[in-house]
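Worksheet: the structure to be examined is printed underneath.
The values are calculated or read from the model by the stated rules, or taken from the named source; none is laboratory data. Just so you know, these numbers come straight off a predicted model, no measurement behind them. FYI the Cβ positions are ideal-geometry reconstructions off the backbone, even for glycines, and counts take in every protein chain you see.
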Amino acid sequence: MPAPFQWLLDPWQSAIVGPGAAVTVVVGASAAAIGCWVLLRDLPYAAESLSHGMFPGLVAASLLGIPIAIGGIAGLAVAAAAITAARRWVSPDNHSVAVAITPLLGLGAILALSGPVPPGVGDALFGDVLAADTTDLLTALVLTPVLLVLLRTAHWRLLASGVRSSDSSRMDTLVICLLVVATAMAAGSLGALLAVALIIGPASAAERMALRASTMLWLAAGIAALSAVVGIEVAWHAGIAAGPTIAICAIIPAAASALLLPKQITT
Amino acid sequence: MVPISAQSAQPAVLVEELVAGYGGTPALTGLDFVAAPGERVALLGPNGGGKTTLIRTLQGDLTPISGTFTLRGIVGHVPQKSSGRNDWPVTALDVAICGTLDALPWWRVPGKAQRRAAREALEAVGLGERSSTPYGELSGGQQRRTQVAAALAGGASVLLLDEPFAGLDAVAADRLEKLLATLADSGTTLLIATHDLDQARSWEKVLCLNGEQLAFGPPEAVLTRQTLEATFGSDLLEIPGGGFMAPPHHHHDH
């Protein structure tokens, strides 16, 4: 085999890369597809805030000695409820999201700073792609089809909500619920703070390339999967952390398309 | 031209003692009118006079404060130009397909039958060849006709059109006018918010609104100087040589 190919295949011959890469590809593709609706419904700030809102749940779980994933999901659920309530009853604008999430972040900081940094919080925030095992892969393979069925079922209703400017509140709630699942899944690989890169980055790039929503979703999923593979290659050969590298790889297409491509549909 | 209404015993739209609004003080009172199948009813009134409130009430968006209304058949809605998003990644066909969703349970996605209905509706409004065009790239008139197609694809027999002619050039307005005439001929009842008195004169009925129902009936009976002054107040423009013109349209949100 030619040396360059061998060099490219090097990471994949390691036993620890396979499951982590597979999980990140599958989860990233689903998260990016959901990210398209997050962008289209103008909810990227909610996505960013949601991942920050996990923080108190992660810290509390760590302090209480319960599985950190349960704390993360609980934190996400509380953050999603706070965002939804603030958007519905305070204001649909981003400032209400900030008002809802900042106290949660503050609570997490108080808990985290009340003693030694709780174990596991670092991985939960910044991820550990290569720590994924077969159980993580199976979880992703079970959850992803469920998400895809939900997306397929809701696709036309979500489209219609923009065409008619109707059902906004219900559709925003639906997208935030999907976002919770996407964030929980992506956070397992990339961590809470970097998960948003896989949700928003590929969708943002795809938005510049696609004329139809369905095309945008497929493109975003493809870009996310490619970002995961390229990120692991780069991280392996550069000897740097895989999670942040994947996050950067997921954002590069968005930055490049923003600089090089006009938005396909303009008002 | 009211061939079908003459044949039909049942009204397509029946509104009785309706009071409508957004909670609090009623925005529109004393609504009492009937439209037969195939009739075009002009909703005339100044900005904020209650045209959109009436349309939103009949559409089911607003709950009546009191009174009742009955609409026979499926109701379609063509929103104001400014509603909806032009940057949404959809084609004309996608928009028309969206019109079929109301007839489907929430868990069903549009299938072949809905796509066929949407394509036929686009053909009916003269946009068959633009079905793959992004909605945001269609002209204002084409967007309005696409919205009509969406309503037709959903099987609407009563169409509520909110300022459909606003912002259209003469050619586009003429084309839309002919489309509405064709729909009326085929039995569709059209309630059309407009500021154009000439259009209103050419339709079967006129409903004058300004916070309340001021008049309803055939144009020759309703479009008198007295009614128009009550409807538009001092904004009514008198055209030299005879006739009147309603004040120009300004967009409003309710």
Having 1 or more residues that are acidic (Asp, Glu) and facing another protein chain (nearest Cβ under 9 Å) is the bar; report the strands (runs of 3 or more DSSP E) wholly within region B:38-151 that clear it.
none
The lone exception for residue A:254 - which of (1) more than 14 Å from chain B (Cβ to nearest Cβ); (2) out of contact with any helix residue (DSSP H, G or I) (no Cβ under 7 Å at 6 or more places or on another chain); (3) of a type outside the set (S, T, N, Q) it fails
(2)
Residues in region B:188-209: is at least one more than 16 Å from the chain's Cα centre (by Cα) and not in a helix (DSSP H, G or I)?
no
Region A:204-241, subset away from every other protein chain (no Cβ under 14 Å) and outside any helix (DSSP H, G or I), residue surrounded by the fewest Cβ atoms within 10 Å (Cβ to Cβ)
A:239
Could you please tell me which pairs satisfy a Cβ distance under 7 Å, a separation of 6+ or placement on different chains, a first residue in region B:120-137 that is of a type in the set (Phe, Trp, Tyr), and a second residue that is surrounded by 21 or more Cβ atoms within 10 Å (Cβ to Cβ) and in a helix (DSSP H, G or I)?
B:135/B:92; B:135/B:95; B:135/B:143; B:135/B:146
Residues located in region B:57-103, provided they are β-branched (Val, Ile, Thr) and in contact (Cβ under 8 Å) with a residue 12 or more places away in the chain:
B:57, B:65, B:68, B:70, B:74, B:75, B:78, B:90, B:91, B:95, B:97, B:100
Pick from region A:140-153 the residues that are surrounded by fewer than 21 Cβ atoms within 10 Å (Cβ to Cβ) and in contact (Cβ under 8 Å) with a residue 60 or more places away in the chain: which of them is farthest from the other protein chains (Cβ to nearest Cβ)?
A:141
Subset of region A:78-98 that is over 22 Å from the mean Cα position of the chain (by Cα) and hydrophobic (A, V, I, L, M, F, W, C) - its residue that is surrounded by the fewest Cβ atoms within 10 Å (Cβ to Cβ):
A:89
May I ask you to say which residue of A:253, A:244 is farther than 26 Å from residue A:91 by Cα, part of a helix (DSSP H, G or I), in contact (Cβ under 8 Å) with a residue 40 or more places away in the chain and in contact with a Phe, Trp or Tyr (Cβ under 9 Å, 6 or more places away or on another chain)?
A:244
Flag if residue A:160 is among the small types (Gly, Ala, Ser) and away from chain B (no Cβ under 14 Å)
no
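Okay, residues lined up against (1) under 23 Å from residue B:178 (Cα atoms); (2) at pLDDT 95 or above:
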| position | (1), (2) |
| --- | --- |
| B:101 | no, no |
| B:104 | no, no |
| B:107 | no, no |
| B:119 | yes, yes |
| B:123 | yes, no |
| B:126 | yes, no |
| B:134 | no, no |
| B:140 | yes, no |
| B:143 | yes, no |
Since residue B:19 meets every condition but one in (1) surrounded by 22 or more Cβ atoms within 10 Å (Cβ to Cβ); (2) farther than 18 Å from residue A:157 by Cα; (3) in contact with a Ser or Thr (Cβ under 8 Å, 6 or more places away or on another chain), which condition does it not meet?
(1)
Note on region A:168-203: residues surrounded by 24 or more Cβ atoms within 10 Å (Cβ to Cβ), in a helix (DSSP H, G or I) and of a type outside the set (A, V, I, L, M) are A:183, A:188, A:189, A:201, A:202
